[in-house]
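To start, the structure under review is shown below, and the notes come after it.
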Amino acid sequence: ALDHPVKREEVPEETEETWRGEGTVLVVDDEPNARRIAQLFLEEVGFDVLVASDGREGIDVFTERADDIVAVVLDLTMPHISGEEAFRQIRDIRKDAPVILSSGYSEQDVIQRFSGQPWAGFIQKPYRFAALINKIKEILQ
């Protein structure tokens, strides 16, 4: 269809197009473009998506919908409440919440900052369709 939100050539071969997501994913990111892209990618495979524009809003949304949320994609660098603080509070609300940390920084930097804390995965920004979908698929299986 012409109104397709993600151009076909942006969907790399290694993503199984038959895989469908189920449930609600919360995307917390202060960059409107990053939120929109993650939302489009996740909706493309069948997820309901909630978005929050900073850590405080992310915690509020998570508090309201904690039982519905199957995964959280959490940017680390945000105003008001940092991604690290938001991560801690989300885990206080629901210990088993699968949180995927996202950052423009490398995974090594993030591993050092979060050593010993049970985060589900890491995704480098800018978001790429296959990387995001494969990471979500990996933590939900």
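Here are some notes:
- Spin-label model distance (nm) - Y105 vs E85, 7 Å beyond Cα toward Cβ: 1.6
- Helix 55-65 vs. the chain, principal-axis angle (Cα, 0 to 90°, nearest 10): 80
- In a simple Cβ point-charge model (Lys, Arg +1; Asp, Glu -1; nothing else charged), the range 55-141 has a dipole of about 220 debye relative to its Cα centre.
- Applying 1/(1 + (r/R0)^6) with r as the Cβ-Cβ distance of A66 and Q117 and R0 = 25 angstrom yields a FRET efficiency of 0.85.
- A crude spin-label estimate for the pair T77 and E31, with each label 7 Å from Cα along the Cβ direction, gives 0.8 nm.
- The C-alpha atoms of the chain define a longest principal axis, and helix 83-93 lies at about 80 degrees to it.
- Projected over all directions and averaged, the alpha-carbon convex hull of the range 83-141 occupies 4.1 nm².
- Between the helical axis of 32-44 and the longest alpha-carbon principal axis of the chain there is an angle of about 60 degrees.
- Residues in the range 114-141 that a label on E43 would reach, taking backbone N under 17 Å of a point 7 Å out along Cα→Cβ: 129, 133
- For the range 7-141, with all protein chains in place and a probe radius of 1.4 Å, 46% of the accessible heavy-atom surface sits on carbon or sulfur.
- To the nearest 10, the accessible area of T24 is 10 Å² with a 1.4 Å probe.
- When the surface is traced with a 1.4 Å probe over the full set of protein chains, L40 keeps roughly 40 Å² accessible.
The values are calculated or read from the model by the stated rules, or taken from the named source; none is laboratory data. Quick caveat: nothing in here was measured; it's all calculated off a predicted structure. Note that we place each Cβ from the backbone using ideal geometry, even for glycine, and neighbour counts take in every protein chain shown. Ligands, DNA and RNA are stripped out before the accessible areas are found, and what is left, the full protein with its side chains, is counted by its heavy atoms. Shrake-Rupley method; radii C 1.70, N 1.55, O 1.52, S 1.80 Å.
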